[in-house]
1. Filter the stretch A:100-134 down to residues that are farther than 14 Å from A:L77 by Cβ and in a helix (DSSP H, G or I), then give me how many there are.
2. What pairs come out if I take residues in the stretch B:76-96 that are closer than 17 Å to B:V117 by Cβ and in contact (Cβ under 8 Å) with a residue 60 or more places away in the chain and pair them with residues that are surrounded by fewer than 20 Cβ atoms within 10 Å (Cβ to Cβ) and charged (D, E, K, R) whose C-beta lies under 8 Å away, six or more apart or interchain?
3. Give the residues of the stretch A:57-73 that are part of a loop (DSSP other than H, G, I, E, B) and within 17 Å of the chain's Cα centre (by Cα), sorted by residue number.
4. So which of B:I13, B:I35 ends up being at pLDDT 95 or above and not hydroxyl-bearing (S, T, Y)?
5. Among residues belonging to the stretch A:1-52 that are in a helix (DSSP H, G or I) and more than 12 Å from chain B (Cβ to nearest Cβ), point out the one that is surrounded by the most Cβ atoms within 10 Å (Cβ to Cβ).
6. Just for the stretch A:135-174: of the residues that are under 16 Å from A:D32 (Cβ atoms) and in a loop (DSSP other than H, G, I, E, B), which one is nearest to the other protein chains (Cβ to nearest Cβ)?
7. From B:G85, B:G102, B:G128, B:G76, grab the single residue that is more than 11 Å from chain A (Cβ to nearest Cβ), buried (at least 17 other Cβ atoms within 10 Å of the Cβ) and either at pLDDT 95 or above or touching a strand residue (DSSP E or B) at 6+ places or on another chain (Cβ under 9 Å) (or both).
8. How many residues does the stretch A:1-25 contain that are of a type in the set (G, A, S) and in contact with an Asp or Glu (Cβ under 9 Å, 6 or more places away or on another chain)?
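The values are calculated or read from the model by the stated rules, or taken from the named source; none is laboratory data. It should be emphasised that the depicted structure is a prediction, and the values quoted were computed from it without experimental measurement. All Cβ positions, glycine included, derive from the backbone under ideal geometry; neighbour counts span all protein chains shown.
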2 protein chains.
Amino acid sequence: MGITILRLGHRIIRDQRITTHVALTARAFGADRVIISGEKDDGVVHSVAGVCEEFGGDFAIEYAKDWRAIIKEWKGLVVHLTMYGMQFNEVIQEIRAHEKHGEILAVVGGSKVPPEVYDWADYNVAIGNQPHSEVAAVAVFLREIIDEEEVERKFKDAKKTIVPSPKGKKVVEH
Amino acid sequence: MGITILRLGHRIIRDQRITTHVALTARAFGADRVIISGEKDDGVVHSVAGVCEEFGGDFAIEYAKDWRAIIKEWKGLVVHLTMYGMQFNEVIQEIRAHEKHGEILAVVGGSKVPPEVYDWADYNVAIGNQPHSEVAAVAVFLREIIDEEEVERKFKDAKKTIVPSPKGKKVVEH
């Protein structure tokens, strides 16, 4: 049905680029929406909205002050991506099955994730139990849950399309 | 045989966290080494070296001033990860076959990638032809080239190991 990424604990300046990368990765790998929590940062929202405008699709970026309400009131599955969680391979089939008929909220930290996130999540999932990156976690998670053909179909009404090329840059403007 | 990630055009302060995430992602998904080019930044090198020390393995992080020499003198395959490249699915089998018997250098930008990188690379490869993140590109590339069992074996002599857990954090100290 669809996947929303909830990015917790955003801090202006320090997290600006990582959060932007989380959002662009969410879009590129087929999520419907990213919700940013923490400090309100119009810069990130505008820069991601600009990419959406240029490269097409209906991806939404929103800011929410009350992330607790979003998790607690979520009507579908809540998956917390954390290096402490269960191995992705063990739960991927269940999550994939859910994606066919319900909404998924995938939650990523933030420097310090409050303990209730671990409790409220239906699944705490590790993409490898090593420290790495919320950007990497979002990419791998989405890539394994959403079919590539489904992702490709999302980028409608683009002003620019990149044409795959063995050398150099080919961009078509519409 | 092994994969080295070359990160081009690092800028102190602005790229510090993205480059750190590139390096940690490279390590977590099974690369042997990251080489950082651009501005010399001991902070990134130390913080990644600290994670390696704690969580084990032989991952190396290095700084190189002359990235041109590294690409030109590379004895194996050079793969440039760029949103303008050929679709990953079309070349993945060839790259995977190469990985069994030779070294791979995977190159990621940097804000502006000089045109010669496109020319010198054996493959310019896009993980989806949408703008996203060099962190995401490194994660997906490595995950599809290196077997997970092989990755797991790399983290020897760790001082800390995370134990996969459905709730909360379990860490074993050795």
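1. So the answer is 6.
2. Note: pairs meeting the criteria are B:G76/B:E103; B:V79/B:D122.
3. Those that are part of a loop (DSSP other than H, G, I, E, B) and within 17 Å of the chain's Cα centre (by Cα): A:G57, A:D58, A:F59, A:A64.
4. Among B:I13, B:I35, only B:I35 is at pLDDT 95 or above and not hydroxyl-bearing (S, T, Y).
5. Result: A:V44.
6. A:F155
7. B:G76
8. Total satisfying the criteria: 2.
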